[in-house]
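One structure is given here, and the rest of the page talks about it.
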Amino acid sequence: MPGAGALRPGRLAKLLPEHGWTPTTVTGPWRDAAAEFGDVISVSRLGDPIAPRIRGMYRLAPPPSRWFPGALRATLSLVDRRRFDAVVSISYPGAVHIIASIAAKRAGIPWLADYSEAWNGNRFAMRSVIGVRLNRLLERRCLEGATAITCATPGIRGVLSKLHGRSDIDVIQNAVDFSEWEHVPNHPPAEFSILFAGNLVSGVLTPEPLFAAAAKLRRAGHPAGAAARFEFYSGDHRLVLAAAKRWHVEDALRLHPETLRERVLVAERRAAVLLLLFPMSYISLVPSKFYEYYGARRPILAIGSPESRTQFGDLIEGNHLGLFATTEDECVAAICALYERFTSGRYETQPGDGWSPPTADVAAQRFADILDRISGRSGSADRQRFAVEERV
């Protein structure tokens, strides 16, 4: 699926069999029948088969509540009919932990609860005071039954440790899966295109500094301003178009709907620059999109607050992955430098030797090790022998 939240569970479904675990995945409406993801149980949103008028009213409900009944029903049916060794749930949204908690208790098996984003303490989640209190209570009660907890960043671990009073939370970082790029063409970009792929989170992330800088370059008659094209693969078309119109650069804007991830990877390889946005109001963690951009090997233009630059500027600039800008003038200078790079034919990044990103295979191995521990199984060889004995 196109959303960033699908990367972590998708890679686990693909790579865990290499470490002795065979996953069965319960997910939302499934548009990909690729065999590499193994056994996938697709769940329709509640309301799809009912009358259009009722379905239209039901769509007013938040997305998790639309698929929760079907996902819970499918999961409980699975654990009633088949024997599993463990349950893994990957949040966000937090509703997946509720389903996993019920299923693990019903089947009497260990449960690994993983957080790609925080459930409570998530600054991207817009909730009322009552909603915050209700979700905190729900999460604390739900996670009491978790055998193990993992998360994507040290920041999330801090939030979880404080909320649940646990010190045994493991960090398994987001990662690069280089195998995803093996069949993606790597041709020189045909134009000076700046591409963003992702979600603006209802305006928490903004392209305003980029468009303001492009407008300034146009007024100055700089060729970078005239040549720049902006490609947005996002569901936030209204926000992007409004920002582009404010700076009179909408003629250079191309809006694309959310699409299959394979097509986005091809588009990233065609781009001259990849846009990485950080929130402007507080220090942010490195988004999972950074690791995808790393695999694309195209220069990154990161835009964010001075605090974010202090924390992550060296990671991007120090490793020759791109440039970090915090103001309109810095954006202007970065666009000019990236345009010069584009016109000179230096379209591919050459990362430094001092740092390398975590890889998807190592992340899958860490998950498998934790599953081995909580399930009491000694390793992949024993699991494979057990599977053979079951088939016999």
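The values are calculated or read from the model by the stated rules, or taken from the named source; none is laboratory data. The structure displayed is predicted, hence computed values, not measured ones. Here Cβ is always computed from backbone atoms with ideal geometry, including for glycine, and neighbour counts include all displayed protein chains.
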### Message
What pairs come out if I take residues in the range 351-377 that are over 16 Å from E18 (Cβ atoms) and pair them with residues that are among the hydroxyl-bearing types (S, T, Y) and assigned to a loop (DSSP other than H, G, I, E, B) whose C-beta lies under 8 Å away, six or more apart or interchain?
### Response
I374/T147
### Message
Take D329 and tell me if it is part of a loop (DSSP other than H, G, I, E, B) and outside the structural domain of H19 (by TED's automatic domain parsing).
### Response
no
### Query
Quick one: in the range 217-247, which of the residues that are out of contact with any helix residue (DSSP H, G or I) (no Cβ under 6 Å at 6 or more places or on another chain) and not in a helix (DSSP H, G or I) is surrounded by the fewest Cβ atoms within 10 Å (Cβ to Cβ)?
G221
### Message
Just checking, does the range 321-343 include any residue being at negative phi and modelled with pLDDT under 90?
### Response
no
### Query
Any residue in the range 214-233 that is assigned by TED's automatic domain parsing to the domain that holds V266, more than 17 Å from H256 (Cβ to Cβ) and among the acidic types (D, E)?
no
### Task
Being part of a loop (DSSP other than H, G, I, E, B) and crowded, with 20+ Cβ neighbours inside 10 Å is the filter here, so list the residues in the range 153-176 that pass it.
I172, N174, A175
### Message
Is it the case, given these coordinates, that N199 is part of a loop (DSSP other than H, G, I, E, B), buried (at least 17 other Cβ atoms within 10 Å of the Cβ), touching a residue at least 12 places away in the same chain (Cβ under 8 Å) and assigned by TED's automatic domain parsing to the domain that holds I335?
### Response
yes
### Query
For A86, are the conditions met, namely being more than 30 Å from R263 (Cβ to Cβ), at pLDDT 80 or above, assigned by TED's automatic domain parsing to the domain that holds W119 and touching a Pro at 6+ places or on another chain (Cβ under 7 Å)?
yes
### Query
Take the residues of the range 120-152 that are at pLDDT below 85, assigned to a loop (DSSP other than H, G, I, E, B) and among the polar types (S, T, N, Q): which is farthest from P358 (Cα to Cα)?
S128
### Query
Only one residue in G165, G221, G235 is modelled with pLDDT under 95 and on the phi > 0 side of the Ramachandran plot, so which one is that?
G165
### Query
Considering G56, G5, G10, which residue is of a type outside the set (D, E), surrounded by fewer than 19 Cβ atoms within 10 Å (Cβ to Cβ) and modelled with pLDDT of 60 or more?
G5
### Query
Out of the range 132-168, which residues are in contact with a Cys (Cβ under 8 Å, 6 or more places away or on another chain) and closer than 27 Å to Y294 by Cα?
R157
### Query
If I99 satisfies every condition in (1) under 23 Å from the mean Cα position of the chain (by Cα); (2) over 29 Å from Y291 (Cα atoms); (3) at pLDDT below 90 but one, which is the exception?
(3)
### Summary
V171: passes all of (1) over 18 Å from Y115 (Cα atoms); (2) within 25 Å of the chain's Cα centre (by Cα) but (1)
### Query
In this structure, does E208 turn out to be acidic (D, E), farther than 14 Å from T343 by Cα and touching a residue at least 12 places away in the same chain (Cβ under 8 Å)?
yes
